[in-house]
Amino acid sequence: MSEHWQTQMLKGLVEMAVLAVLADREAYGYEILQILERHPGLSLRESSLYLLLTRLRKQGLLTEREAASGAGPTRRYFRLSASGRERLRLMRVQWRSLYGDINDVLSRVEGP
């Protein structure tokens, strides 16, 4: 069972990971889910991913298009908008800064 702090930390990191997946290509939801599942710390339920994709689209960070699928129902493909590219850029800058700062602080703590 996940604790609240773990859930909160993961939310922001998963958002950044989804934007990064879409940085150089468009993808449909299940495809994004499969990419994230390769990294167990970033895996999430399909319903949670679609809620996130809807929120990011409503914020103007993603564009969406529908296309027929030869293997089933119509697929919704997502791509970064210009605003999404800028958000990812800012998140990367913040992540690099925080990563170094947190590692520096943690290196001063004894134990695992």
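Each reported figure results from applying straightforward, stated rules to the coordinates on display, with no laboratory input. The structure displayed is predicted, hence computed values, not measured ones. When we count neighbours, we look across all protein chains shown, and the Cβ atoms used for this are built from the backbone with ideal geometry, even at glycine.
What to note about this one:
- For the pair R96 and E64, the difference between a 0.36 nm per residue extended length and the Cα-Cα distance amounts to 8.6 nm.
- Remark on the chain: ratio of C-alpha radius of gyration to 2.2 N^0.38 Å is 1.22.
- A simple count of charges around R55, restricted to other residues whose Cβ falls under 11 Å of its Cβ and scoring Lys, Arg +1 and Asp, Glu -1, yields +2.
- Ordering F78, S48, Y30 by the projection of their Cα atoms onto the charge dipole of the chain, which places +1 on the Cβ of Lys and Arg and -1 on the Cβ of Asp and Glu, puts F78 at the extreme positive end.
- Only the Cβ atoms of Lys and Arg (+1) and of Asp and Glu (-1) were treated as charged; on that basis the dipole of the stretch 4-107 about its Cα centre amounts to roughly 280 debye.
- The mean sequence separation of alpha-carbon pairs under 8 Å and at least six residues apart, normalised by the residue count of the chain, gives a relative contact order of 25 percent.
- Label sites at S83 and R108, each approximated as a point 7 angstrom past Cα along Cα to Cβ, lie 3.9 nm apart.
- Compared with the dominant principal axis of the Cα atoms in the chain, helix 82-107 is inclined by about 20°.
- Checking every one of the GluC sites (Glu not before Pro) in the stretch 8-112 against DSSP loop status and a limit of 11 other Cβ atoms within 10 Å picks out E110.
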